[in-house]
Amino acid sequence: MDKDLENLKELSQEKLAENKKYFQKLKKRTPKRLDLIVQEIHEEEFERTDCLNCGNCCKTTSPMFTYKDIERISKHLKMKVADFVSQYLRIDEDDFHVLKTSPCPFLDLNDNSCFIYDVRPKACAEYPHTNRKKFIQLANLTIKNTEICPATYRIVEELKKKLPIS
């Protein structure tokens, strides 16, 4: 298990107000080079981070499944779309398809690998979304992900050092 994961929830809660304030200020005065800075921090972090040592995202949350995701995964599993949906998914309060259960039914808990990795949902492939264009639009999601993903927590902390806002 990732050593940072043990205290992650407490650490991210301690930083919650600070992070909200930081991102509010960042939204008001977003530097043109923000995406480049975050991309650089993201790449540095994921040179050091092996998600297979953690898997907390797969153990605790569900991605959103687009219809394309559902079709692709159903085909891969040789299932009818309707059967896949009824077996694995539910509609959440925001009207998105999400998993019925956690941990993810496609996660191998022995090594944190994914049974459907090659066809996984787009949201899984893009997680933790810290290398996306228009990063600032995902501020709330990023703050939420600091509770789940040690790498996201470290990326946000590094961003605050590299781009201090007074």
(request) Would you mind calculating the gained length between SER102 and ARG33 on full extension (0.36 nm times residue separation, minus the Cα-Cα distance), in nm to one decimal? (result) 21.1 nm
(request) Using the Karplus curve 6.51 cos²θ - 1.76 cosθ + 1.60 with θ = phi - 60°, work out ³J(HN,Hα) for each residue of the stretch 27-39 in order, rounded to whole Hz, and write x for Gly and Pro. (result) 5, 5, 10, 6, x, 4, 8, 4, 4, 5, 5, 5, 4
(message) Could you tell me the extents of the stretch 1-98's C-alpha atoms along the three principal axes, largest first, rounded to whole Å?
(response) 47, 34, 26
(request) Taking the dipole about the Cα centre of the chain, with the C-beta of Lys and Arg at +1 and of Asp and Glu at -1, give me whichever of VAL81, THR146, VAL38 is farthest to the positive side. (result) VAL38
(message) Using the Karplus curve 6.51 cos²θ - 1.76 cosθ + 1.60 with θ = phi - 60°, what ³J(HN,Hα) values do you get for each residue of the stretch 86-95, in whole Hz, with x for Gly and Pro?
(response) 5, 6, 10, 10, 9, 9, 8, 5, 9, 6
(request) Give the value in nm², to one decimal: projected area of the alpha carbon convex hull of the stretch 74-155, averaged over all directions. (result) 6.8
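Which number do you get for Rg(Cα) / (2.2 N^0.38 Å) in the chain?
Working: Rg = 17.0 Å, N = 166, 2.2 N^0.38 = 15.3 Å.
Compactness ratio reported: 1.11.
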(message) Let's test this: bin the Cα-Cα distances of the stretch 55-105 at 10 Å from zero up to the farthest pair and state each bin's percent.
(response) 26, 56, 18
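Mind ordering 45-57, 73-85, 25-37 by average Cβ neighbours within 10 Å, highest first? Can you show the working numbers first?
Working: 45-57: 15.8, 73-85: 14.0, 25-37: 12.0.
Put in order of decreasing packing, that is 45-57, 73-85, 25-37.
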(request) Send over the semi-axes of the stretch 78-118's equivalent ellipsoid, whole angstrom and largest first, taken as the square roots of 5 times the C-alpha gyration tensor eigenvalues. (result) 20, 14, 8
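Once you keep just the Cα pairs under 8 angstrom separated by 6 or more residues, what percentage relative contact order results for the chain? The partial results should precede the final answer.
Working: 168 pairs, mean separation 61.5, N = 166.
It comes to 37 percent, rounded to a whole number.
Quick one: if the Förster radius is 35 Å, what FRET efficiency do LYS75 and LYS134 give, using the C-beta to C-beta distance and rounding to 0.05?
Values: r = 31 Å, r/R0 = 0.89.
Computed FRET efficiency for LYS75 and LYS134 comes out at 0.65.
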(message) Greater than 28 Å separation of Cα atoms is the criterion. Which listed pairs, LYS68/LYS144; LYS25/LYS59; LYS20/LYS133, meet it?
(response) LYS25/LYS59
(request) Check each of the GluC sites (Glu not before Pro) in the stretch 89-166 and keep only those in coil by DSSP with at most 16 other C-beta atoms within 10 angstrom; list them in order. (result) GLU93
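Since every read-out is calculated from the coordinates, none of them should be taken as a lab result. Because the structure is predicted, anything quoted here is derived from the model rather than measured. Methodologically, a virtual Cβ is constructed for each residue, glycine included, from the backbone with ideal geometry; neighbour enumeration extends over all protein chains shown.
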